[in-house]
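In what follows, a single structure is set out as structure tokens and then discussed.
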Amino acid sequence: MAEVEEVTEGCRLPVLRRNQDNEDEWPLAEILSVKDISGRKLFYVHYIDFNKRLDEWVTHDRLDLKKIQFPKKEAKTPTKNGLPGSRPSSPERDVKRKVEVVSPATPIPAPPETTQASVFPQNGSARRAVAAQPGRKRKSNCLGTDEVSAGATDTAHLLCQVSRAGRKPLFFGCEKYLPACEQDSQDSSDGIPSAPRMTGSLVSDRSHDDIITRMKNIECIELGRHRLKPWYFSPYPQELTTLPVLYLCEFCLKYVKSLKCLQRHLTKCDLRHPPGNEIYRKGTISFFEIDGRKNKSYSQNLCLLAKCFLDHKTLYYDTDPFLFYVMTEYDSKGFHIVGYFSKEKESTEDYNVACILTLPPYQRRGYGKLLIEFSYELSKVEGKTGTPEKPLSDLGLLSYRSYWSQTILEILMNLKSENGERPQITINEISEITSIKKEDVISTLQYLNLINYYKGQYILTLSEDIVDGHERAMLKRILRIDSKCLHFTPKDWSKRGKW
């Protein structure tokens, strides 16, 4: 068995941790750093296949030294891209760098022969009938669902059925859906989806993914009445990262080194809400629009705070090309920040969100979906369809999946027949009504397993389970955006020079 003194950076071994069920487990972890405090060794570990926000400092008694894996010998001469100066990447990091997130699913191709189907069986729950088609390759889209790759066609006919026990089924079809422009999502040379252009205010190119940025550098942040424990690295000034608590003004987000400095700052700070225009208010919820050029200091401080909870992005100090929409909750002391999203003033890829974050004290309370819904309300006013910039964080992806699913199902459930005929709707119409990009609409239908291939055409089937689950989810969704309370006039930034 190895000795504690032999454990160095790069070693891998099982480490004791407590899981969500309050049970002990021994996942494999990598030692990222070792430090000695008063003769006591501490080890900073990253649990393999776990999110980095779970990384932590542990003592030697939590290490299983019997199963230690020492780093390879070549790790003694650190190189990166053939140049000295950086520690070698772990296999896990190398895999992550090779994986590129592609844009949402490409349009659904039509079957070779599109024949009109009769009544789809009521007892047929949504299942992936398309998987049985011979000669078709499966590929994965950004939502982790499968899609079918077939020959290119001009149209895709979709027949949809709502199947409900004890009720007369409703039928509605989707006809002549023209595929979206493939230039954005596919490379014309080989047909392989290309990674989207990453231009957001906190977009990561992973070129600085070294040992320093892999470790949390802030122990605790005090923001108003909340104390937050950061999940990830954030490039605050180095002299502040050694402090037990970093203090932030909750209104201007300025960071100071002590409570005394914060109290002195509060006597001078006259802000009680984010700088910028209040464009929405309903009850205690307000949204403020902040121009990244006019309020550069606030925008940069907001990015620094957001980086503590966003791992897949890195910080850019050029906030000029971005607008920041900050959601707040009002009380007698002022407007307290709940979350925010940023967006490019001009986006050629139809991105309506660059970064999005709900602060930890407000998570799991419906505020994430409210931020997403607000971003699409802005797109509706602008007369555009939008999509979030990729890659999304794991929590962001869950929120978007849920929002897209509920929004699209709400549209389908509210369709009514006219003149006794089947109510019909196209993918284009769903996109126009919701401002959700067509690729996101299709990928959501695939994620929900609603797409079937039946008698020569594609079928969308809403089973009783899907409908009942949607109705239960909507009963819990209390917070909604009221478009009547939105006072927003979009600007044409292409005619404003340097914004």
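The values are calculated or read from the model by the stated rules, or taken from the named source; none is laboratory data. Note that the coordinates shown come from a computational prediction; the quantities given were computed from them, not determined experimentally. Quick reminder, even Gly has a Cβ in these numbers, built from the backbone with ideal geometry, and neighbours come from all protein chains shown. Each accessible area value is taken on the protein alone, full model and side chains, heavy atoms only, with ligands, DNA and RNA left out. Shrake-Rupley method; radii C 1.70, N 1.55, O 1.52, S 1.80 Å.
Summary of values
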{"read-out": "Matching helices (runs of 4 or more DSSP H) fully within segment 383-499 where at least 3 residues are open to solvent by less than 20 Å² (accessible area, probe 1.4 Å)", "value": "394-413, 427-434, 438-447"}
{"read-out": "Checking L253 against (1) at pLDDT 95 or above; (2) under 25 Å from the mean Cα position of the chain (by Cα); (3) open to solvent by 50 Å² or more (accessible area, probe 1.4 Å), the condition it does not meet", "value": "(3)"}
{"read-out": "Residue check, L16 over 17 Å from L65 (Cβ atoms) and among the hydrophobic types (A, V, I, L, M, F, W, C)", "value": "no"}
{"read-out": "Residue in segment 320-341 that is open to solvent by 30 Å² or more (accessible area, probe 1.4 Å), under 23 Å from P230 (Cα atoms), part of a loop (DSSP other than H, G, I, E, B) and of a type outside the set (S, T, N, Q) present", "value": "no"}
{"read-out": "So S435, is it modelled with pLDDT of 90 or more, under 17 Å from D350 (Cβ atoms) and touching a Leu at 6+ places or on another chain (Cβ under 7 Å)", "value": "no"}
{"read-out": "For C261: the one exception among (1) surrounded by fewer than 16 Cβ atoms within 10 Å (Cβ to Cβ); (2) in a loop (DSSP other than H, G, I, E, B)", "value": "(2)"}
{"read-out": "Odd one out for D49 among (1) assigned to a loop (DSSP other than H, G, I, E, B); (2) open to solvent by less than 30 Å² (accessible area, probe 1.4 Å)", "value": "(2)"}
{"read-out": "Identity of the residue in segment 366-397, of a type outside the set (G, A, S) and free of Cβ contacts under 8 Å to residues at least 40 places away in the same chain, that ends up farthest from E329 (Cα to Cα)", "value": "P388"}
{"read-out": "Selection count where residues are within 26 Å of L370 (Cα to Cα) and touching an Asp or Glu at 6+ places or on another chain (Cβ under 8 Å), scope segment 443-476", "value": "4"}
{"read-out": "Hey, K282 surrounded by fewer than 16 Cβ atoms within 10 Å (Cβ to Cβ) and either touching an Asp or Glu at 6+ places or on another chain (Cβ under 7 Å) or of a type in the set (K, R) (or both) or not", "value": "yes"}
{"read-out": "Cross-chain or 6+ apart pairs with Cβ under 6 Å, segment 42-66 first and over 15 Å from M215 (Cβ atoms), then at pLDDT below 90 and small (G, A, S)", "value": "L65/A2"}
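Okay, residues lined up against (1) out of contact with any Pro (no Cβ under 9 Å at 6 or more places or on another chain); (2) not hydrophobic (A, V, I, L, M, F, W, C):
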| position | (1), (2) |
| --- | --- |
| G10 | no, yes |
| V15 | no, no |
| Q20 | yes, yes |
| D36 | yes, yes |
| F43 | yes, no |
| Y47 | no, yes |
| N51 | yes, yes |
| T59 | yes, yes |
| D64 | no, yes |
